[in-house]
Amino acid sequence: MKRNVLVVNYLRIGLYLGAVLILLSGGASFAGGGPEGVAVVVNADSWASMAVANEYVRLRNIPPKNIIYLNPGKWWDFKSTDVDKFRDHILKPVLNRIGERGLAAQIDAIVYSSDVPYLIAVSKDMTGKTFKKPITSTASITGLTYMYRWTIRKQPGDPAKRIYGYLYLRSNWYYRQRIRARPSRPKLEDEQKKNLADARTLIRQEKWAEAEKLFRQLIKEHPDAQFILYDLACCLARQNKPDDAMETLTKAVKAGWSNRRHTETDNDFKDMRKRKDFKKLLGEIRSPKVGVFPPVGFTSRYGWNPAGQIVRNRRTGPSQGYVLSTVLAVTSGRGNSVSEAIRSLRRSAAADGTRPKGTIYFMVNSNVRSRVRQWGFDSVIAGLKALGVKAETVKGVLPSKRDDVMGVMVGSGNFNWPKSGCRILPGAICEHLTSYGGAMSQTSGQTACTEFIRYGAAGTCGTVSEPYAVQAKFPTPFMHLFYASGCSLAEAFYQTISGPYQLLIIGDPLCRPWAKIPTVTLADLKDKKAVKGEITLTVAVKEADIRIGRYELFIDGLRKAIHPAGKPFKLDTTKLSDGWHELRIIAFTADRIATQGHLVSGITVNNNGRKLKVTPKLALNIVPLGRQVPYSLSLPGAKKIGVYHNSRELAVVEGAKGDVKIDTWRIGMGTVRLNAVGFIEADGKTVSVAAAPIELTVEPPARLPGVKPPKGKNVVKGLLLTCKGGEKPAVVKDLRDRKALITAAVRKNQSFKLEAYFDVPSDDTYQFQVNFDGQLKIEVNGKKIQGPRSAVLRRWVYLPVSLKRGTHKFRATGRATKNLRLDIRFGGPGAFSLSEKRFNFRHVGKGGTGL
């Protein structure tokens, strides 16, 4: 297909963007990011997962139908699973529930709350196929979910047969493809090609003089070959011939050499960097013009072809459908605390539409992790400045003492953000290209990408296993340009990752700081307590300078109508049941990104005089986790009345009235909405009647005060393990290998006790994660830590514990019934196996004061 490449302004105001080239393609987007298109997946066993999800649902007003709860069972945990279990026990159940609830046509993103497996082993799908070294057998949950069609079909791809699949590094056709003005290369004869290959082999062998002879011979035949001139200059510099090297490098620049970033960091010129003429020449190098397809709002309703274009009718040619995916938070291993995750989500939601004045920093150093993306820095900075967004390159690992970080692209394996003295602004995307930034295991090396979330970022990413510094596995610099053009965080990420299978993306997918968001107004329902018959909904937006392409009407989370701007909606309420209904109207801007504005309201329909009454029995709607919350329900003629949270039935009354008690463990912490719905028989069919939502806030348990810390020479690092009727007490230094009971010669059905003091740095809600095949009770400061279950049978249990800053006493008493392997983790942030190294677990030995 012939393509026209033009230089244009993203805002279409006729300004030249310097080096940014945009490939124009026709057609308006049918997409844009909004809460109605987001499905949130929750680990129903994890208090942390429910707390993070509850807050996100509240912040973003996600419809109740869009929340999907899964029970891990023995199939998966918070770290990893294999691809078959992921398909059968996560992805397929999620897709099935989306279809069963009538949401398939509107879901654009599947978002996971915390405590889902971030790492998926895909070796089973790779059997019988041959892949090159950069393709590894470990994928991320977000990558496989994004490419769900290939994942469901067990199609990783087959290079030998040229079959696309989720492991291909060009598998993402939503990726905004790069267009680079490539300089012409000389046409070499076969013998010249051999000489060039031999010369470069000699360079790798550091045989500089021999390589120089071959390069000089080639230059005689092709005097303006910029790449050969550059390689010759490198050879001369390595032989301590700086003047000759400068002369040759100058010729290379005049011949068209334009990779300033590479030249600046090339170790071949390490000893020449202080020369004035070298610095001057660097300033004369003009970076290559690099451009991409323009940003476009995402839609899962259509496919994308290999050229990056929307395919509305998939019968017209090859196309692939996707669904955006992120993890809202990681709260295990090297992840964040629940409070850090919630703080990040709140900052992200508040950043929408603020058009922040911060700066985006692109870090430059000689590390390959930085060099692999430097090709796009100058072009993106030019594009950002044309949008009025500040951006700059900075030498080093991190910027220093900057209080306006609205984004940072880092190329380093390790960093220390507090030492940088920088402040991250709400809505920022911050990430670093390295091997294990997305590996959250407690034993993983390099700095985890969750450090950026800890210090304020809205989104980050990292690979879950070794990526071999392949650019295609990471976002390009254009991510920040697309974000500043108004795309959502998820759209900005996925438009710039060619092969996302290995990348874990963490953060709020809907965050859109630079979007120009329309404010939707609806005057027709003002001051109306109840409606009946047909009603008219006349919709408009406040902003005169925002052009609207269409409006969509949602009732109770389902799309009911699509109208062009200027046409009111007609709603026949006789087709709705009596009672409360949620009404949503979404405005889509008439541009490629299709930014959404939302109006969410409740209407009460009264065509038949039916009304469900809900009476709370508590004076306050704020309760601690673990408390039962009572309500009285009544609906004349009802056969059944249920109370629901995000479409999950919590309690039920058989008949027209009765009392219920809601178990807050099933709700989780946070501010939530409960829905009471009654069912009656009318005209030979079952009709539902809903009451207005009940708002309830579930708070963490009361914080336990600290105890007096142990002192003296008898304080010993580690935990004290004693057995009933067993050998003398043993000291456990680390529970990471899960063999403490075996090492201490504990027998099956023998009771044991594990004790220690530990310290926490701040007032917060922490957690214990327990996996033990037996009975186990955990106490802190003599108080039993409650959870949704008292027994653990080959399954992780997550126990929240609210603590005040200081020292606390830990005690675990139990009895192994089948397996002696014991795994107890503690954290907030994250969760790590109990050890002397973290939280200073220690006990009092002989002669001291015991626990």
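The values are calculated or read from the model by the stated rules, or taken from the named source; none is laboratory data. From a predicted model like this one, the values you see are computed outputs, not experimental measurements. Virtual Cβ from ideal backbone geometry, glycine too; neighbours counted across all protein chains shown. Note: areas computed on protein heavy atoms with side chains; ligands, DNA, RNA excluded. Shrake-Rupley method; radii C 1.70, N 1.55, O 1.52, S 1.80 Å.
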Revision key, fill the gap. Semi-axes a, b, c in Å (a largest) for the chain, each sqrt of 5 times a Cα gyration tensor eigenvalue, come to 50, 39, 23
Practice item. Could you order Asp88, Asp158 so the one with the most accessible surface comes first? Probe is 1.4 Å. Key: Asp88, Asp158
Review point. If we count every other residue with Cβ under 9 angstrom of Thr393's Cβ, Lys/Arg +1 and Asp/Glu -1, where does the sum land?
Key: 0
Review point. Can you give me the relative contact order of the chain as a percent, contacts being Cα pairs under 8 Å and 6 or more apart?
Key: 11
**Study point:** Selection from Gly782, Asn43, Ala490 lying farthest towards where the dipole of the chain points positive, charges on Cβ
**Key:** Gly782
Revision key, fill the gap. From the Cα centre of the range 458-519 to that of the range 109-153, the distance in Å is 18
Check your understanding: Could you give the accessible area per residue of the range 196-322, probe 1.4 Å, as a whole number in Å²?
Key -> 50
Practice item. Using a 1.4 Å probe and ignoring any ligands, DNA or RNA, find the accessible area of Ser647 and quote it in Å² to the nearest 10. Key: 60
Review point. Which residues' amide hydrogens lie under 5 Å from the amide hydrogen of Thr671, considering only partners 5 or more residues apart or on another chain, with H built in the peptide plane?
Key: Val698
Review point. Of Thr142, Val83, Met126, whose Cα points farthest to the positive end of the dipole of the range 72-184 (charges on the beta-carbon: +1 Lys, Arg; -1 Asp, Glu; origin at the Cα centre)?
Key: Met126
Check your understanding: In the structure shown, do any of Lys92/Lys129; Lys124/Lys473; Lys161/Lys193; Lys724/Lys753; Lys251/Lys279 have a Cα-Cα gap over 18 Å, and if so which?
Key -> Lys92/Lys129; Lys124/Lys473; Lys161/Lys193
**Study point:** C-alpha center-to-center spacing [the range 748-823, the range 241-276] in angstrom
**Key:** 62
Check your understanding: Sorting Thr671, Thr127 by accessible area (1.4 Å probe), largest first, what list results?
Key -> Thr127, Thr671
Study note, to complete from the structure: Ordering Asp659, Asp190, Asp82 by the accessible surface of their heavy atoms, 1.4 Å probe, largest first, yields Asp190, Asp659, Asp82
Check your understanding: So what's the angle, to the nearest 10 degrees on a 0 to 90 scale, between helix 242-254 and the longest Cα principal axis of the chain?
Key -> 70
Practice item. Whole number in Å², please: accessible area per residue of the range 356-453, 1.4 Å probe, ligands, DNA and RNA not counted. Key: 33
Point to revise | For the range 576-633, radius of gyration divided by Kirkwood radius, i.e. Rg to Rh on alpha-carbons | key: 1.21
Check your understanding: Taking Cα atoms, how many degrees apart are the long axis of helix 47-60 and the longest axis of the chain, rounded to 10 and kept between 0 and 90?
Key -> 80
**Study point:** Alpha-carbon radius of gyration plus Dmax, which is the widest Cα pair, for the range 464-573 in Å
**Key:** 20.3, 64
Check your understanding: Val368 accessible area, nearest 10 Å², 1.4 Å probe?
Key -> 70
Review point. How much mean residue ellipticity at 222 nm does the chain get from its helices, if each DSSP H run of length 4 or more adds -39500 (n - 2.57) and you divide by all residues, to the nearest 500 deg cm²/dmol?
Key: -5500 deg cm²/dmol
Revision key, fill the gap. With every protein chain in place, the accessible area of Cys723 for a 1.4 Å probe, in Å² rounded to the nearest 10, comes to 30
Exercise for review: Using +1 at the Cβ of each Lys and Arg and -1 at the Cβ of each Asp and Glu in the chain, identify which of Gly413, Ile453, Thr722 lies farthest towards the dipole's positive end.
Suggested key: Thr722
Practice item. Using Cα pairs closer than 8 Å and at least 6 residues apart in sequence, work out the relative contact order for the range 266-336, in percent. Key: 18
Review point. Using mean Cβ contacts within 10 Å as the protection proxy, how do 328-335, 372-379, 42-49 order, highest first?
Key: 328-335, 42-49, 372-379
Practice item. Provide the per-residue ³J(HN,Hα) series for the range 336-351, in order, calculated from phi with Karplus coefficients 6.51, -1.76, 1.60 and θ = phi - 60°, each as a whole number of Hz, with x at glycine and proline positions. Key: 9, 7, 4, 5, 5, 4, 5, 4, 5, 5, 5, 5, 5, 5, 5, 7
Revision key, fill the gap. If one compares the long axis through the Cα atoms of helix 226-238 with the longest principal axis of the Cα atoms of the chain, the angle in degrees, nearest 10, works out at 90
Revision key, fill the gap. Carbon and sulfur atoms account, in whole percent of the 1.4 Å probe accessible area of the chain, for 48
Check your understanding: Which whole-number value in Å² is the accessible area per residue of the range 470-525, probe 1.4 Å?
Key -> 12
Study note, to complete from the structure: Pseudo-spin-label distance His262 to Trp75, built 7 Å along Cα→Cβ, given in nm, is 4.8
**Study point:** Between the range 296-370 and the range 157-175, the Cα center-to-center distance that results, in Å
**Key:** 20
